[in-house]
Amino acid sequence: MDTSVFISKDEIRSRFSRAMSAMYQQEVPQYGALLSLVREINAAVLEREPTLERDLRQHSELTRLEVERHGAIRVGTAAELKGIAQIFAVMGMYPVAYYDLSVAGVPVHSTAFRPVDEHALQINPFRVFTSLLRLELIEDVSLRQQAAAILSQRSIFPPGLLELAAQAQAAGGLTEPQAKEFVTAATEVFRWHRQATVDQDTYRKFYAAHRLLADIVCFKGPHINHLTPRTLDIDAVQEAMPQRGIPAKELIEGPPRRRNPILLRQTSFKALEEEIEFVGQTRAGSHTARFGEIEQRGVALTRAGRALYDSLLMQARELGSQARSTQTYTERLQHVFAQFPDDEHELYERGLAFFRFEPRDPVVWQQEVAAGRPWDLPDLVKRGVVALSPITYEDFLPVSAAGIFQSNLGDAEQKNYVSQAARAEFERNLGSPVLDEIDLYQAAQTRSEQALQQRFLAKSKA
Ligand code: OOG
Ligand code: NI
């Protein structure tokens, strides 16, 4: 087989991400307005901060900024999840991390399909947060059975799509006409359908048990429920949203604003009420599920850094539940997170965040190499010979995700299940293990260190 005729996975993912964005702008016009706002604010930030612009350009982050986005979908069954995994694999998107959302009273667990290698991430990091319904968390047994029966009737994949995915896997890729057909069919899976597959009473029953249950079970497929562009200044977008008539969620999820952004900060606009048609009814009903979101990404944290983040976030939230507090949540968050170092060198020295390494200045680097001292990266970093470049966090945060789910379900929907992580069960449904995100960041950091070490040693021998 002549594999040179194949379209690269990265190219197929880029086309898919563009097609999804175009479809969603048509379906949810406010998303288009949000995109324009984000573009304006990103341009303003780059103009205001030329050093940031230079850094982003140097690390090829600027090109991906425009295309950067994630989406989210919710599927009903293991078979649907397996099919989705097969489709995403054609685009070089693989399941990374397990997210247990049962703690937040949301009866799903999730993973994110995303590119994993550094080059692919640079070309287009498009990711899809994918949740699987957990019927076992729905108390009413007969409702559970009814949901399972309805889901078993539907087929979310257009004819030929899974076959094309299987063929791509067997042959090692898709040709141009196949890729075209594939992207069109794959996008179709996530289209919104205004016709529900059930009557209004059935919808209401599911809705009463959990709004998410109605959203997953009562429609033809896993409609994309939001897309999320990446902004360089989430606070500015949050502030500007209401002025543009975009109804913003009250709080930004994640860490507070910092000099050196960590992990992920997110906010969204409220889901819109959309007209739907129920089976056997002439009068239209309505359903709210689809919204828009923005995110600002920072450096990926090590396990130690993540543990510190989780404990500080918990502190800020616990303080909030003590009614005496007169501080706002944002103030509390700022206050508590003062304990999280906000200096790149300290983050590196204390092993809290992941970085790549590069010589700060070629002349100084040459001198250092010529001196022939043994390789000691921490020392080179400390003395400023080697510069740190943060490795971007590419994943999600379960507490933030829960906040996003909840702001779009209405707060009354907070049903608190006890934590019931079921990773093994999820992986069985998926048909493969999920990748460990921290391992991926660690590997990227190690590769960068080794590459620099090789340059150092090769030159000092010469
Ligand atoms: C997914 C919510 C999670 C995020 O950015 O954390 C998410 C959903 O509502 O289906 O997308
Ligand atoms: Ni999201």
Check your understanding: Taking a probe of 1.4 Å, how large is the accessible area per residue of the range 237-357, in Å²?
Key -> 48
Exercise for review: Using a 1.4 Å probe and counting only protein heavy atoms, arrange Trp365, Trp192 so the residue with the most accessible area comes first.
Suggested key: Trp192, Trp365
Check your understanding: How much solvent-accessible surface does Thr184 expose, in Å² to the nearest 10, with a 1.4 Å probe and all protein chains in place?
Key -> 90
Revision key, fill the gap. With all protein chains in place and a 1.4 Å probe, Lys220 shows an accessible area in Å² (nearest 10) of 90
Check your understanding: So for Glu253, Glu277, what's the accessible-area order with a 1.4 Å probe, most first?
Key -> Glu277, Glu253
Check your understanding: Leaving out ligands, DNA and RNA, what percent of the accessible area of the range 122-236 is carbon and sulfur, probe 1.4 Å?
Key -> 52
Practice item. Quick one: what are the phi-derived ³J(HN,Hα) couplings along the range 116-124, Karplus 6.51/-1.76/1.60 with θ = phi - 60°, whole Hz, x for glycine and proline? Key: 10, 8, 4, 5, 4, 5, 5, 5, 6
Revision key, fill the gap. For the range 184-318, the Cα gyration tensor yields equivalent-ellipsoid semi-axes (√(5λ), largest first, whole Å) of 35, 17, 15
Study note, to complete from the structure: Rg (one decimal) and Dmax (whole number) from the Cα set of the range 110-201, in Å, equal 17.5, 50
Check your understanding: If one computes P(r) from the Cα atoms of the range 251-373, what percent of pairs lie at distances over 20 Å?
Key -> 63
Review point. Given H placed 1.01 Å from N in the peptide plane, which residues other than close sequence neighbours of Arg134 have an amide H under 5 Å from its amide H?
Key: Val108, His109
Review point. Quick one: net charge of Arg194's neighbours, Cβ under 13 Å, K/R +1, D/E -1?
Key: -2
Study note, to complete from the structure: Scoring only Lys, Arg, Asp and Glu (+1, +1, -1, -1) among other residues with Cβ under 15 Å from the Cβ of Leu162 yields -2
Exercise for review: Report the accessible area of Ser8, computed with a 1.4 Å probe over the heavy atoms of all protein chains in place, in Å² rounded to the nearest 10.
Suggested key: 60
Revision key, fill the gap. DSSP beta bridges in the chain: the antiparallel percent, rounded to 5, is 75
Exercise for review: Any of Lys180/Lys270; Lys205/Lys249; Lys180/Lys249; Lys249/Lys382; Lys180/Lys205; Lys82/Lys205 with alpha carbons more than 31 Å apart? Name them for me.
Suggested key: Lys180/Lys270; Lys180/Lys249; Lys249/Lys382; Lys180/Lys205
Practice item. Give me the net charge of His287's neighbourhood, meaning all other residues with Cβ under 12 Å from the Cβ of His287; Lys, Arg count +1, Asp, Glu -1. Key: -1
Study note, to complete from the structure: Result for the range 145-210: accessible area per residue, probe 1.4 angstrom, in square angstrom, of 51
Practice item. Treat the chain as a sphere of radius equal to its Kirkwood radius over Cα pairs and apply Stokes-Einstein at 20 °C in a medium of 1.002 mPa s; give the translational diffusion coefficient in µm²/s, rounded to a whole number. Key: 90
Practice item. Mean Kyte-Doolittle of at least -1.0 plus a Cα span of 30 Å or more along the axis: flag which DSSP H helices in the chain meet both, please. Key: 437-461
**Study point:** Radius of gyration and Dmax over the Cα atoms of the range 1-127, both given in Å
**Key:** 17.2, 51
Review point. What 222 nm value per residue comes from the helices of the chain, counting each DSSP H run with n ≥ 4 as -39,500 (n - 2.57) and dividing by all residues, nearest 500 deg cm²/dmol?
Key: -15500 deg cm²/dmol
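The values are calculated or read from the model by the stated rules, or taken from the named source; none is laboratory data. Given the structure is predicted, the values throughout are model-derived calculations rather than measurements. When we count neighbours, we look across all protein chains shown, and the Cβ atoms used for this are built from the backbone with ideal geometry, even at glycine. For the accessible areas, the whole protein counts, side chains as well, though only heavy atoms, and no ligand, DNA or RNA atoms are used. Shrake-Rupley method; radii C 1.70, N 1.55, O 1.52, S 1.80 Å.
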